[in-house]
Structure formats: C-alpha cells, structure tokens
Amino acid sequence: MTADRETTYWTAGITLTPSGGQWSATSKFRDRRFAGPDSVEGELATRYLMPTAAEAIDVLIRELTALGIGLGTERIAPWIYIEGDGEDPGIAYPPGWPALLLEQARRIGWGTYNNWSPDQEGATS
C-alpha cells in the first residue's frame, strides 16, 4: 500500500517519570489532520529506565527525530513535563525536580513549567 498524501507527525514534548533514582521518558505524537476521521496518534517511550533525565530525554529526541516526528509546531514550542505534573501521590518525585526540568529545558531549548520557554532567555520581568 502506498501513501497518497504526505503525513507529518508532531509532538508537544516529552514527559519524564522518575523511578528509584532513574528516569523514563514518553512522548505522545499525532498527525497534523485535526479532528478528521482518519487522524491518528501514538506514543513513543524509552523501554528501560535511564540513569539520568538527560539521557532519557536525549534518547527520545534522537528516536523522534529519526522517525520524522516534529518537535513542536510552528506555533507551539515543545515542552518537558513530569508525570502527574509533580502532584501524583503514587510517584516519589526527587527533591528539586522543578529545577532539574528547568535545567534540561534550557539545555535543549524547550519550555517547561513556571512558564519558562526559550523565548524568555535573557528576558527580565
């Protein structure tokens, strides 16, 4: 079967999940067809826990890129999230996780919580 139209996929970011001092990463992606009956979405995740959040992020970015899945859109910058938004009582969040996410977001030029985005770099309030 051959495709009769070009399909491009995109993701709004990566969600990190801490587990016993290690990290997994997940990214949900979708096509650019909005609300169509033939619209699709999927999920890509690290198979195993990684020693650091940076490694989990980098593995997922590498694979998303290799599969041709866009990181954000023309109007939406990708973000780094944490599972449960840091409020899931079933997850043992490491101390300082917001600072860790901010560090990683700045490292790769993405957005994260506290309304930080690459566009704000160097901005003053």
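List of remarks:
- Scanning segment 9-23 for residues that are under 29 Å from residue 68 (Cβ atoms), part of a strand (DSSP E or B) and of a type in the set (Gly, Ala, Ser) gives a single hit, 13.
- Of all the residues in segment 27-48, those that are under 11 Å from residue 16 (Cβ atoms) and outside any strand (DSSP E or B) number 1.
For (1) within 17 Å of the chain's Cα centre (by Cα); (2) farther than 16 Å from residue 101 by Cβ, each residue gets a yes or a no:
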residue: 15; (1), (2): yes, no
residue: 32; (1), (2): no, yes
residue: 37; (1), (2): no, yes
residue: 47; (1), (2): yes, yes
residue: 51; (1), (2): no, yes
residue: 56; (1), (2): yes, no
residue: 59; (1), (2): yes, yes
residue: 70; (1), (2): yes, yes
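- Considering (1) surrounded by 16 or more Cβ atoms within 10 Å (Cβ to Cβ); (2) on the phi < 0 side of the Ramachandran plot, the lone condition that residue 13 does not fulfil carries the number (2).
Listed here are the residues, each with its yes/no results for (1) within 18 Å of the chain's Cα centre (by Cα); (2) farther than 23 Å from residue 19 by Cα; (3) modelled with pLDDT of 95 or more.
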position: 94; (1), (2), (3): no, no, yes
position: 97; (1), (2), (3): yes, no, yes
position: 101; (1), (2), (3): yes, no, yes
position: 119; (1), (2), (3): yes, yes, no
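- Within segment 49-74, the set of residues being without any contact (Cβ under 8 Å) to a residue 12 or more places away in the chain, part of a loop (DSSP other than H, G, I, E, B) and closer than 18 Å to residue 18 by Cα is empty.
- Yes/no for residue 89 being surrounded by fewer than 13 Cβ atoms within 10 Å (Cβ to Cβ) and free of Cβ contacts under 8 Å to residues at least 40 places away in the same chain: yes
- Taking the criterion of being at pLDDT below 95, farther than 24 Å from residue 109 by Cβ and surrounded by fewer than 13 Cβ atoms within 10 Å (Cβ to Cβ), the residues of segment 27-69 that qualify are 34, 35, 36, 37, 38, 39, 40, 41.
The values are calculated or read from the model by the stated rules, or taken from the named source; none is laboratory data. Quick caveat: nothing in here was measured; it's all calculated off a predicted structure. Here Cβ is always computed from backbone atoms with ideal geometry, including for glycine, and neighbour counts include all displayed protein chains.
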